[in-house]
Amino acid sequence: MEPKKIFAMKLSKVYPLLVSKAEKKNRTKREVDEIICWLTGYDLSGLEKQLGSDVDYGTFFREAPCINPNCTQIKGVICGVRVEEIEDPLMQKIRYLDKLVDELAKGRPMEKILRSQAAKP
């Protein structure tokens with residue numbers, strides 16, 4: 001799918017897909033929310049506000065309060081492309097979230113998904 005179409009997708013349509021992917025693997029909506037908040041800097045009320053509005057996926061990431069600086073620790077392949085090599089910064093942030101939810105669905109512990117070790121000196 002081309003980037004413009006991905007950016008134009010409604011967050012309210014993408015979010016349930018992310019939650020469903022996690023729940024199919026016995027993970028929770030709360031964990032998905034924690035990942036989204038960690039990556040974007042939204043708090044839960046900010047995330048809920050965005051979900052309740054008609055915001056598109058691109059705007060959701062462009063308006064993110066603070067992309068986590070440890071996101072550069074996210075490595076690997078999503079949709080056949082290495083996330084660390086994606087040139088478009090907006091698409092890279094979107095793929096970071098995809099990668100984190102994939103890790104969640106694969107059973108990775110939350111402290112590793114959230115790159116907790118990267119925050120320690």
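The values are calculated or read from the model by the stated rules, or taken from the named source; none is laboratory data. Keep in mind the model is a prediction, meaning the values are calculated, not measured. Counting neighbours? That spans all protein chains shown, and the Cβs are built from the backbone with ideal geometry, glycine included. Heavy atoms of the whole protein, side chains included, go into the accessibility calculation; ligands, DNA and RNA do not. Shrake-Rupley method; radii C 1.70, N 1.55, O 1.52, S 1.80 Å.
Among the conditions (1) more than 20 Å from Lys13 (Cβ to Cβ); (2) not in a loop (DSSP other than H, G, I, E, B), Ile67 misses just one, which is (2). Scanning the range 22-33 for residues that are under 16 Å from Asp102 (Cβ atoms), open to solvent by 70 Å² or more (accessible area, probe 1.4 Å) and charged (D, E, K, R) turns up Glu23, Lys24, Lys25. Within the span defined as the range 51-58, every residue fails to be open to solvent by 40 Å² or more (accessible area, probe 1.4 Å), among the aliphatic types (A, V, I, L, M) and in a helix (DSSP H, G or I). Would you confirm whether any residue within the range 103-119 is closer than 17 Å to Met9 by Cβ and touching a Gly at 6+ places or on another chain (Cβ under 9 Å)? So far as the range 103-119 goes, no, none of its residues is closer than 17 Å to Met9 by Cβ and touching a Gly at 6+ places or on another chain (Cβ under 9 Å).
Considering the conditions (1) without any contact (Cβ under 8 Å) to a residue 60 or more places away in the chain; (2) under 14 Å from the mean Cα position of the chain (by Cα), Glu87 is excluded by exactly one of them, (2).
Tell me, yes or no, whether the range 8-21 has at least one residue that is in contact (Cβ under 8 Å) with a residue 60 or more places away in the chain, touching a Cys at 6+ places or on another chain (Cβ under 7 Å), open to solvent by less than 20 Å² (accessible area, probe 1.4 Å) and not in a strand (DSSP E or B). Write out each step before concluding.
First pass over the range 8-21, keeping only residues in contact (Cβ under 8 Å) with a residue 60 or more places away in the chain: 18, 21.
Right, trim to touching a Cys at 6+ places or on another chain (Cβ under 7 Å) and you get none.
No, the range 8-21 contains no residue that is in contact (Cβ under 8 Å) with a residue 60 or more places away in the chain, touching a Cys at 6+ places or on another chain (Cβ under 7 Å), open to solvent by less than 20 Å² (accessible area, probe 1.4 Å) and not in a strand (DSSP E or B).
A Cβ distance below 8 Å, combined with a sequence gap of six or more or placement on separate chains, defines the contacts here; from the range 47-58, residues that are touching a residue at least 12 places away in the same chain (Cβ under 8 Å) reach residues that are in a loop (DSSP other than H, G, I, E, B) in the pairs Gln50/Tyr42; Gln50/Glu63; Val55/Glu63; Asp56/Met9; Tyr57/Met9.
Would the range 73-81 turn up any residue that is open to solvent by less than 50 Å² (accessible area, probe 1.4 Å) and within 18 Å of Pro3 (Cβ to Cβ)? Among the residues of the range 73-81, at least one is open to solvent by less than 50 Å² (accessible area, probe 1.4 Å) and within 18 Å of Pro3 (Cβ to Cβ), which makes the answer yes.
Please tell me if Lys99 is open to solvent by 80 Å² or more (accessible area, probe 1.4 Å), within 22 Å of Val19 (Cα to Cα), assigned to a helix (DSSP H, G or I) and not acidic (Asp, Glu). Judged against the criteria, Lys99 is not a match.
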